[in-house]
Structures are given as C-alpha cells and as structure tokens.
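Here is the structure we will look at, set down as structure tokens.
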Amino acid sequence: MKGTLWRSLARSRKATAGAILLAAFIALALFPGLFARDNPSAEAYARNLGPSTAHLFGTTGLGQDIFAQAVYGTRQVLEIAFGAGLASTLVAALIGVAAAYLGGFWDGALNLFTDVVLVIPLFPLLIVIAAYVHNSGTGVLIAVLTLTGWSYTARQLRSQALSLRGRDFLAAARVRGERAAYIIAVEILPTMISLLVAAFLTNALYDVLFASSLQFIGLGDPDSVAWGTMLYWAQNNEALQTGYYLQAIVPGAAIALLGAAFALLNYAFDEIGNPALRPVRKPRTARGILGRLARA
C-alpha cells in the first residue's frame, strides 16, 4: 500500500509542486544563514529603503532588512505549522477513532465533548486565549492552536473509523485477544494514512493562518521574527498608506505561498484517497495509438 501511495504522489503534479514549495521553505527554515547575511532584528540601516542589491526587498520603518526577516521568520512559522498541525491531528485521531471503536458510553461522551468544542467560534476563542497569554512564546501558541483546532478533524476520523469497525481484520484482532489500544494504534490508524496526512496538511494550513492573524492584530510576541509580526509592524508603521508596499507584500506573499504548498499537497492526498476527485483522463483512441506507433 505504501508503494502505491508514493507512486500515486510521484505522478501527481499537485503533489510535486506542493512538495517543491514546502522543501524550499524547509531549507530556508533550517539554514537561514545561507540565504540571508543580515541580522533580522538589527536596526542597522536607514529606514524605509527601497529594493537594491544590498537589500533585496528594502528595509522596514525601523531599519531592518526585509529579506532577512522573511527568511529567518520561516522557522517560527514552520514550527507552528508542524507542531500544532501534528499535535492537533494526533489528538483528533485518538479521540475520534477511540470514540468510533469503543462505542457505547465512550462514544457518547467523546462525541459530546467534540461537539461542544466544534460549535465554539474558533477565531474569537483564539483571540480571547491569546489575549490572556499575550507576548508568550511559540510553545504556548502551539498549545493554544492544538487545544482549539482538533474537533473538526476528530469528527472526520470518527466517521471513517465507523465504516471500518465491522471489518474482518478487526474481528480477527479481537478474537486474538488484542487490547483496544493495540487495535486502534496498529490495526485501524495505518489504514487511514492518506486521510491522516490530509488532515495534518489542513490543520497545518489553518494553524499558519490563525497564528499569523493573531500576530498581525498584536496578540503574538512583537519582538519575535515571524511573518505575522512583520505584518504587525508594517501596519503600525503605516507602510501601505505611505507607499512602502513591500513591507506588507513580502510576508503576505510568503504566507500565501506556504499555504499553497500545504493546499496542493492536501488536494493530491484527497485525490488519492477519493477516486471520484481524480482528474478524468481522455481515453486513448485507436487513431492516437497508431499515430504514436508511427512516430516511434
């Protein structure tokens, strides 16, 4: 199954484009010093400089190099995306699959808990929580996004697990005397890999957007180097009103490109998991086949 999955991904143009974009951002996050020579926090240059060979995207209203900030800010954004995305997907998998498999009281209790979290407006809740933990670090932001972002994924995974509960391989595991935790972790979850990856990519995408939005409205740490805080300072310095558009365009474009990477990979996994979403290929006609043979 894994071989089939990777072959399907290799043939998908969406997966290839998304993987290339994501790999580029990972390289920036891991080795920022190879791409940007300036200290992103140093107020070492003249303010509001335009693009040049020395400053590719110019400088901010505080004299900081915009390109260096965009490059070094990638690490925190990816830490939030992968940290909160993986954690919320794990919580959703444990709650959703356990509810479906255990049934009875556990299904009712866990389902009720999921429904309560699901109906709470997410972004207003994030604003309230972030206001209480104002100027906190990346770890606190990951924890907040995890605790508030797992419910929708849990609902999806529960529905998929319910369709698997009566399968023969699960009955065989129960006959062997396997424990419920073993069956959930070893028998059920591996059959849902494509759905779990798609759920992670969706969660990672929304985590980036929510975290950047919180930082933009001033509920993050304004002294940290991240794309959301770049937007926050661009707004504070009235960059758009005064014509210094790159101060807002660069971090906004970076968020859009990273979101596109996660979205393209997500579409690819959706197509693999759901054949109805795969693009329809034109049937090969006899004339086309003969023409190819003639040209060969």
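Using alpha carbon centroids, what distance separates region 17-78 and region 173-189, in Å? If we compute the Cα centre of each part, the gap is 48 Å.
Between Leu56 and Phe67, the built amide H atoms are under 5 Å apart, and every one of these is 5 or more places off in sequence or on another chain. You can think of it this way: the chain between Tyr132 and Ala185 has 15.5 nm of extra reach, that is 0.36 nm per residue less the Cα-Cα gap. Over region 202-253, the hull volume per residue, using the convex hull of the C-alpha atoms, is 70 Å³. Evaluate the Debye formula for region 101-256 with equal point scatterers sitting on the alpha carbons, no solvent, and hand back log10 of I(q)/I(0) at q = 0.18 Å⁻¹, in q order, two decimals. The computed values of log10 I(q)/I(0) come out as -1.07.
Count Lys and Arg as plus one, Asp and Glu as minus one, and take only other residues whose Cβ is under 11 Å from that of Ala226; the net charge is then -2. Taking region 20-76 on its own, what percent of its Cα-Cα pair distances exceed 15 Å? Across region 20-76, Cα pairs with separations above 15 Å total 45 percent. Its residue count N sets the reference 2.2 N^0.38 Å, and the alpha-carbon radius of gyration of the chain equals 1.23 times that reference. Across region 91-107, rounded Karplus estimates of 3J(HN,Hα) from the backbone phi angles (6.51 cos²θ - 1.76 cosθ + 1.60, θ = phi - 60°) give 4, 5, 5, 5, 6, x, 6, 4, 4, 5, 6, 6, x, x, 4, 5, 4 Hz, Gly and Pro being marked x. What nm value, rounded to one decimal, do you get for the distance between Arg165 and Leu125 when each label is placed 7 Å out toward the C-beta? Between Arg165 and Leu125, the simple spin-label model gives 2.4 nm. For the pair Ser52 and Ala143, a Förster radius of 45 Å applied to the C-beta separation gives a FRET efficiency near 0.65, rounded to the nearest 0.05.
Only DSSP H runs of four or more residues enter the estimate; each adds -39500 (n - 2.57), and after division by the residues of the chain the mean residue ellipticity at 222 nm equals -22000 deg cm²/dmol. Can you give the percent of C-alpha pairs in region 46-137 whose distance is more than 21 Å? I get 60 percent for the Cα pairs in region 46-137 exceeding 21 Å. Descending by average beta-carbon neighbour count within 10 Å, the peptides 29-36, 78-85 line up as 78-85, 29-36, the highest first.
Values quoted throughout were computed directly from the atomic coordinates according to the rules given, and no laboratory measurement underlies them. Just so you know, these numbers come straight off a predicted model, no measurement behind them. Counting neighbours? That spans all protein chains shown, and the Cβs are built from the backbone with ideal geometry, glycine included.
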